Structures are given as C-alpha cells and as structure tokens.
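> Structure incoming, see below.
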Amino acid sequence: MKLGIIGLPGAGKTTLFETLTGIVLDDDRKQEDRIGTIKVPDEHVDSLSNMYNPKKTIYAQVEYLLPRKTANKPNWKKDETVWSSVRTCDALIHVVRNFKSYGFEEPWPAEDFASLELDMIFTDLLVVEKRLERLEMDGKRGRKVDPEEVRLLTECREMLEQEEPLRRNPELAGTDLLKGFTFLSAKPLLVIFNNDDEDDSLPKAGKVLEQERCLAIRARLERELSQMPEEEAREYLQEFGISDSAMDLMIRVSYELLGLISFFTVGEDEVRAWTIRRDTAASEAAGVIHSDIQKGFIRAEVLAYDDLMAAGSYKEARKNGTVRLEGKTYPVHDVDIIEFRFNV
C-alpha cells in the first residue's frame, strides 16, 4: 500500500511524513521525492509470533511518498512532475493547515482544501480533453476508435466540468479502460487537518466533512512524541488525551479507505501478514504470495484467527473441526490463517 502526501505550502506535509516514518529530512533532500516504509502494527501478528516462535516475523508494510518541494508554488498543476510522482499511489493524504503560523494568514481549511482539489480536477480534465481530441482525430483519419472509451471519458469530462472529483463515482473511475489514466481525483482521499498542539477537534469545514474521510491530527506534537523514549511518550500521550498515535490511526483509516484486509501464513520458519483487498478470491490471494501458487492452486486450508486462539494450537483446531478446505472462489476474510495447497 502506497500513500502520497499532498497539500499546499506550509500545511505540514514534511512534519506529518517525519511523524509517520521516523525519517528526519534535511534541506538537501527536499528537492527530491522521499519514500518512507513502515511496518503495520498488528496485534494478531504479535500473538501468532508468540505462539509459533518463528525464525522470522514479517508485518504488512505501508509506503508514504512525499513529493519533492515545489518551491512554494500555490498551484501544483503548474508543476506536472509533482503530480506524476503521486499518480502511482493507491490513495492520497491531503494535509490541510488548521494552525496559526508566523508569516501565514489565519487558517482557512475549507478554502485551502478546495484550492488543491480544483488543481487535481483541472489536471484530470486536461488529460480527458486531450485524449478525446486524439480519439476524434483518429476517427476522422479512419482509425478504429473504441466507442466505450469515448463514452466513459465523456462521462468523466461532464463530472470534472462540474468540479466533481471522479472518486464520487468509483465504478466509473475503476473501469479497466480508465485505470491507465491514473486520474488524481479518482484516488481514495484521506483529509488530514493539521491542528495546533492544544486542538484535537475537526474544524468547521462545511461540505469537506460531509463528503470526505477526515481526521484531525496535531502533527507537530505527534512528531515530538515520536522522537521521545517510549515510556516518556506514553506519559505525554495521556497528558494530551491522545489514545492512538497518528501512525496507528492513519494506518487503520487508510485500510478502511482502500477496503484492505490482512491474512496470515504461519509456521516455525515464518509468521507473515499479507495485504489484499476485501473479498479477494483465495486463488488471487495465493498469487500475492507467488504467481506459481496461484497457477497451481488446488485448495486453501483456512482457519479463522479467533478459532486458533480459542483452540490454543493448530492441532487442537483440527480436532475441533474449525480447519476447513476452500476452493478458488472462496472470499478471503480478514485475519484468516491460510495454507495453500498447490502443484506446479
């Protein structure tokens, strides 16, 4: 899972990136894209590792991409290279300033959100119009044109001209014919209101709160806490009334936003978490591990995590009859434990 961090200058993108990844950026690195990879905290993996005591324990991972500094350009559409770097991301995190800062005006979170949102919409609109113009020229030259592509792009243009992001229609944005365009406004979006240290509430931001998935985070405070020794940080978390760290909270919401779940493979050599989309078929989940397992798929031996914990061991779970065999089309459930049987 790869998440791109976007936002207007001064919103606190770098602060949030450093908080999430633990990477402290120097000025020399601000002119390049920066990627931080973190493991996903998971109590299920912890428990399975304690049970099996494996040689390796591997958690799921999340990548955060912070595009290079844009020289304080208020409109990202003027710098397509920045947008290009986040096109490969699965979702976007839009950081919106909701704190007072020297040299900046009073925060206007709703207006700031709308400004960058429109940049994404207009950038997508340019792509759509350019493609439709190309298809029209191809038609006039007698080349074969897919009418379905024209229909879908025309529908996208109508939405974008109404200043509606394509994520409002996920079925349209997710069609196979349009995936290659990597539309910015089609990506799932998490809005982070970056608050003052003493403020943990969402701002009055009108339709943004109604239409988007929003969180209020005190990034500067959270960054300071992330750099403290664990015991000292825990005391400060209690003092400021923070029940979940920014990292834990954002990972959990990001999983919900993208419809992601985890399944596990277990054994004496390795306990490992694998990330897939909800309702992924067993054969496709096997392919996440290795394409050969998907090709030679025979059956999936499945045990629910709760059933394993209740039984105390895989052997006892077998005796209880909770280990079952499933076929290719079985929709993998969150925290399933799976052993794939295959033949290549």
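The values are calculated or read from the model by the stated rules, or taken from the named source; none is laboratory data. Every value quoted in this text rests on a predicted model; they were computed, and no experiment measured them. Backbone-built Cβ (ideal geometry, glycine too); neighbour counts: all protein chains shown.
> Anything in region 169-189 that is in contact (Cβ under 8 Å) with a residue 40 or more places away in the chain and either within 14 Å of T123 (Cα to Cα) or surrounded by 21 or more Cβ atoms within 10 Å (Cβ to Cβ) (or both)? List them, or say none.
The answer is F181, T182, F183, L184, S185, A186, K187, L189.
> Something else now. Can you say whether Y52 is modelled with pLDDT of 90 or more, within 25 Å of S226 (Cβ to Cβ) and either of a type outside the set (A, V, I, L, M) or over 22 Å from the mean Cα position of the chain (by Cα) (or both), as far as the supplied structure shows?
no
> Being surrounded by 13 or more Cβ atoms within 10 Å (Cβ to Cβ) and polar (S, T, N, Q) is the filter here; which residues of region 86-100 pass it?
Residue satisfying the conditions is N98 alone.
> When you go through (1) part of a helix (DSSP H, G or I); (2) surrounded by fewer than 13 Cβ atoms within 10 Å (Cβ to Cβ) one by one for M247, which number turns out not to apply?
(2)
> Would you point out which residue out of E105, E117, E136, E111 is under 26 Å from the mean Cα position of the chain (by Cα) and either surrounded by fewer than 12 Cβ atoms within 10 Å (Cβ to Cβ) or without any contact (Cβ under 8 Å) to a residue 24 or more places away in the chain (or both)?
Details: E105 fails: under 26 Å from the mean Cα position of the chain (by Cα); E117 fails: either surrounded by fewer than 12 Cβ atoms within 10 Å (Cβ to Cβ) or without any contact (Cβ under 8 Å) to a residue 24 or more places away in the chain (or both); E136 fails: under 26 Å from the mean Cα position of the chain (by Cα).
Sole residue among the options that is under 26 Å from the mean Cα position of the chain (by Cα) and either surrounded by fewer than 12 Cβ atoms within 10 Å (Cβ to Cβ) or without any contact (Cβ under 8 Å) to a residue 24 or more places away in the chain (or both): E111.
> Among helices (runs of 4 or more DSSP H) lying entirely in region 251-344, which contain 1 or more residues that are free of Cβ contacts under 8 Å to residues at least 40 places away in the same chain and among the β-branched types (V, I, T)?
On the way: elements: 282-289, 291-295, 305-311, 314-320.
Result: 282-289.
Residue by residue, here is whether (1) in contact with a Ser or Thr (Cβ under 8 Å, 6 or more places away or on another chain); (2) assigned to a helix (DSSP H, G or I) holds:
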| residue | (1), (2) |
| --- | --- |
| V96 | no, no |
| E105 | no, no |
| M120 | yes, yes |
| V127 | no, yes |
| K130 | no, yes |
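> If a residue has to be of a type in the set (D, E, K, R), more than 23 Å from P109 (Cβ to Cβ) and in contact with a helix residue (DSSP H, G or I) (Cβ under 9 Å, 6 or more places away or on another chain) to count, how many in region 214-233 make the cut? Quick ask: steps written out before the conclusion?
At the first step, the residues of region 214-233 found to be of a type in the set (D, E, K, R) are 218, 220, 222-224, 230-232.
Still in the list and also more than 23 Å from P109 (Cβ to Cβ): 230-232.
With the extra rule that they be in contact with a helix residue (DSSP H, G or I) (Cβ under 9 Å, 6 or more places away or on another chain), the set shrinks to 232.
Result for region 214-233: 1.
> Let me ask something additional. Just to be sure I understand, how many residues within region 107-118 are among the small types (G, A, S) and not in a helix (DSSP H, G or I)?
0
> Among the residues of region 251-294, which ones are within 30 Å of I192 (Cα to Cα) and of a type in the set (G, A, S)?
S254, G259, S262, A273, listed by residue number.
> Do any helices (runs of 4 or more DSSP H) entirely within region 138-220 hold 1 or more residues that are among the polar types (S, T, N, Q), and if so, which? Before you say what the answer is, go through the steps one by one.
Numbers: elements: 147-161, 170-173, 176-179, 207-211.
In region 138-220, the matching helices (runs of 4 or more DSSP H) lie at 147-161, 207-211.
Let's see how each residue does on (1) of a type outside the set (A, V, I, L, M); (2) at pLDDT 90 or above:
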position	(1), (2)
T182	yes, yes
L189	no, yes
V208	no, yes
Q211	yes, yes
P229	yes, no
E239	yes, no
V253	no, no
S262	yes, yes
G267	yes, yes
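> So, in region 300-336, how many residues would count as being aliphatic (A, V, I, L, M), in contact with a Ser or Thr (Cβ under 7 Å, 6 or more places away or on another chain) and farther than 19 Å from E43 by Cβ?
The number of residues fulfilling the criteria is 1.
> Is at least one residue of region 207-224 surrounded by 13 or more Cβ atoms within 10 Å (Cβ to Cβ) and touching a Phe, Trp or Tyr at 6+ places or on another chain (Cβ under 6 Å)?
yes
> Kindly establish whether L166 is at pLDDT 95 or above and surrounded by 16 or more Cβ atoms within 10 Å (Cβ to Cβ).
So L166 passes the test.
> For E163, indicate whether it is free of Cβ contacts under 8 Å to residues at least 40 places away in the same chain and either closer than 24 Å to G7 by Cβ or among the basic types (K, R) (or both).
Working: free of Cβ contacts under 8 Å to residues at least 40 places away in the same chain: no; either closer than 24 Å to G7 by Cβ or among the basic types (K, R) (or both): yes.
No; evaluated as a whole, the condition is false for this residue.
> So E63 passes all but one of these: (1) closer than 26 Å to L209 by Cβ; (2) modelled with pLDDT of 85 or more. Which condition number does it fail?
So the condition that E63 fails would be (1).
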